[in-house]
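Below: the structure, in structure tokens.
The values are calculated or read from the model by the stated rules, or taken from the named source; none is laboratory data. Only a predicted model underlies this, so the values are computations on that prediction, with no experimental measurement involved. Cβ coordinates were reconstructed from backbone atoms using ideal geometry, including for glycine residues, and neighbour counts include every protein chain displayed. These area figures cover heavy atoms from the full protein model, side chains too; ligands, DNA and RNA do not enter into them. Shrake-Rupley method; radii C 1.70, N 1.55, O 1.52, S 1.80 Å.
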Amino acid sequence: MVGGGQLARMTHEAGIPLGLKFKLLSDTPQDSAAQVVSEVVIGDYRDLDTLRAFAQGCDVITFDHEHVPTEHLRALEADGIPVRPGPDALVHAQDKGVMRAKLAEIGAPCPRNRIVSDPADAAAFAGEVGGFPVILKTVRGGYDGKGVWVVRSEADAADPFRAGVPVLAEEKVDFVRELAANIVRSPHGQAVAYPVVESIQVDGVCDTVIAPAPDLSEQLAGEAQQLALRIAAELGVVGHLAVELFETRDGRILVNELAMRPHNSGHWTQDGAITSQFANHVRAVLDLPLGDPRPRAPWTVMCNVLGGDYPDMYQAYLHCMARDPQLKIHMYGKDVKPGRKVGHVNTYGDDLADVRERARHAADYLRGTITE
Ligand code: ADP
């Protein structure tokens with residue numbers, strides 16, 4: 001796996017019961033996955049020679065992030081190394097412009113959008129979609145809301161163009177909530193769909209995921225799953241695909257973006273589904289039959305644990321574990337920095353209000369924002 005973050009750490013964990021040999025290319029020995037994987041190469045994934053040396057002896061390569069240059073992935077494929085997902089699929093998760101063009105071609109519902117060349121062109125786009133505010137995004141390099149601007153005037157539109165990366169303009173969708181449709185697809189074309197979840201963001205960062213999305217009509221949930229399966233098939237995705245969606249006030253779904261790797265909106269599956277997203281990603285990448293994606297409980301809630309003012313979160317374990325014996329804690333081994341994602345908790349059960357309260361409490365207590 002290329003990339004040493006928490007997604008690699010948890011994918012590695014899912015491979016252990018299968019007896020897999022897991023090799024990691026990581027930026028530093030301190031990275032979340034590098035701390036726990038036995039075979040670690042420290043190096044820069046942007047360097048082709050490093051990637052080639054790393055790939056020696058690997059049966060297949062997969063990723064914990066989308067940043068490996070497309071041309072490097074093509075070079076690995078030309079060397080005969082299976083890359084999953086492959087570069088032709090992955091480019092749609094790397095470049096929002098390419099993604100929007102492809103989704104338009106296959107008729108997937110999206111916010112109105114186009115590439116804009118400068119602030120005046122962004123203002124022209126605003127005119128086409130009913131006026132400001134509009135959303136501007138750099139097509140590459142954004143994450144957790146970085147690289148996304150809500151722009152209210154032409155004068156306001158200068159920043160996104162400073163990076164020298166093409167800028168995509170989108171209508172600002174009046175959404176009631178954000179959903180995610182997560183599926184896993186294998187090279188032989190088998191696919192499984194997880195229940196559609198609601199994902200709640202705070203300050204542009206995923207805070208809570210509720211599985212399944214409360215009060216989502218069966219019709220819209222089915223549509224979202226079908227859409228994700230169709231996108232995966234049309235783009236040739238192998239492995240886990242997260243389709244982030246907006247649910248609009250008038251009951252439609254629109255695609256926000258795609259992630260082709262295990263995803264934060266799927267962390268609930270570790271404890272809430274029969275087969276986790278990590279286990280199914282591993283199976284897909286190895287072209288093994290996929291596991292059952294169905295939930296184990298009526299409700300599962302995931303809350304991310306962000307770093308707070310206390311560097312030692314382990315002190316909080318005593319209280320959290322004593323309060324809720326069913327609580328599942330997943331910490332990533334990262335140094336605590338304020339606002340940084342350092343772990344998550346999962347809770348499940350029959351009563352949504354109770355399940356939510358327990359997850360919220362544990363995440364807040366671990367962060368140190370509450371003390372009882
Ligand atoms: P990132 O790559 O950082 O995850 P996203 O494209 O998912 O960026 O955008 C981050 C957030 O910005 C979204 O979760 C959503 O809240 C908001 N956003 C993005 N695009 C739109 C849009 N077209 N309309 C309204 N809000 C949007």
Regarding the range 27-44, can at least one residue be identified that is open to solvent by less than 20 Å² (accessible area, probe 1.4 Å), assigned to a strand (DSSP E or B) and not small (G, A, S)? no
Kindly indicate whether any position in the range 277-286 is in a loop (DSSP other than H, G, I, E, B) and either away from the ligand (no atom under 16 Å from the Cβ) or touching a residue at least 12 places away in the same chain (Cβ under 8 Å) (or both). yes
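State which residue is farthest from the ligand (Cβ to nearest atom) when the search covers only the range 164-186 and only residues that are open to solvent by 50 Å² or more (accessible area, probe 1.4 Å) and within 24 Å of H263 (Cβ to Cβ).
So the first thing to find is which residues in the range 164-186 are open to solvent by 50 Å² or more (accessible area, probe 1.4 Å), and the list is 164, 166, 172, 174-176.
Add one more test, that the residue is within 24 Å of H263 (Cβ to Cβ), and what stays is 172, 175-176.
On the way: K172: 5, F175: 6, V176: 12 Å.
Taking the candidates together, the pick is V176.
If we scan the range 85-94, do we find a residue that is aliphatic (A, V, I, L, M) and in a loop (DSSP other than H, G, I, E, B)? Even if it seems obvious, please write down each step before you answer.
Filtering the range 85-94 for residues aliphatic (A, V, I, L, M) gives 89-91, 93.
Of the ones still in play, those that are also in a loop (DSSP other than H, G, I, E, B) are none.
For the range 85-94, residues aliphatic (A, V, I, L, M) and in a loop (DSSP other than H, G, I, E, B): absent.
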Name the single residue that is least open to solvent (accessible area, probe 1.4 Å) among those in the range 137-163 being more than 10 Å from the ligand (Cβ to nearest atom) and touching a Ser or Thr at 6+ places or on another chain (Cβ under 9 Å). P160
Unique match (being assigned to a loop (DSSP other than H, G, I, E, B), open to solvent by 20 Å² or more (accessible area, probe 1.4 Å) and within 24 Å of A279 (Cβ to Cβ)) among G80, G57: G57
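Checking the structure you have, find out if any residue of the range 182-204 is touching a Leu at 6+ places or on another chain (Cβ under 8 Å) and basic (K, R). Steps first, please.
Filtering the range 182-204 for residues touching a Leu at 6+ places or on another chain (Cβ under 8 Å) gives 182-186, 190-193, 196-199.
Those still in the list that are basic (K, R) too: 185.
Within the range 182-204, one or more residues are touching a Leu at 6+ places or on another chain (Cβ under 8 Å) and basic (K, R).
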Of the residues in the range 208-250 that are open to solvent by 30 Å² or more (accessible area, probe 1.4 Å) and within 16 Å of the ligand (Cβ to nearest atom), the one that is modelled with the lowest pLDDT is D250
Going by the conditions given, is Q270 more than 16 Å from the ligand (Cβ to nearest atom) and either within 22 Å of I106 (Cβ to Cβ) or among the hydroxyl-bearing types (S, T, Y) (or both)? no
Residue, least open to solvent (accessible area, probe 1.4 Å), within the range 321-339, restricted to residues that are out of contact with any Asp or Glu (no Cβ under 8 Å at 6 or more places or on another chain) and closer than 17 Å to S265 by Cα: Y332
Filtered residues of the range 141-173 (kept if modelled with pLDDT under 95, part of a loop (DSSP other than H, G, I, E, B), farther than 24 Å from I253 by Cα and in contact with a Gly (Cβ under 9 Å, 6 or more places away or on another chain)): G141, V165
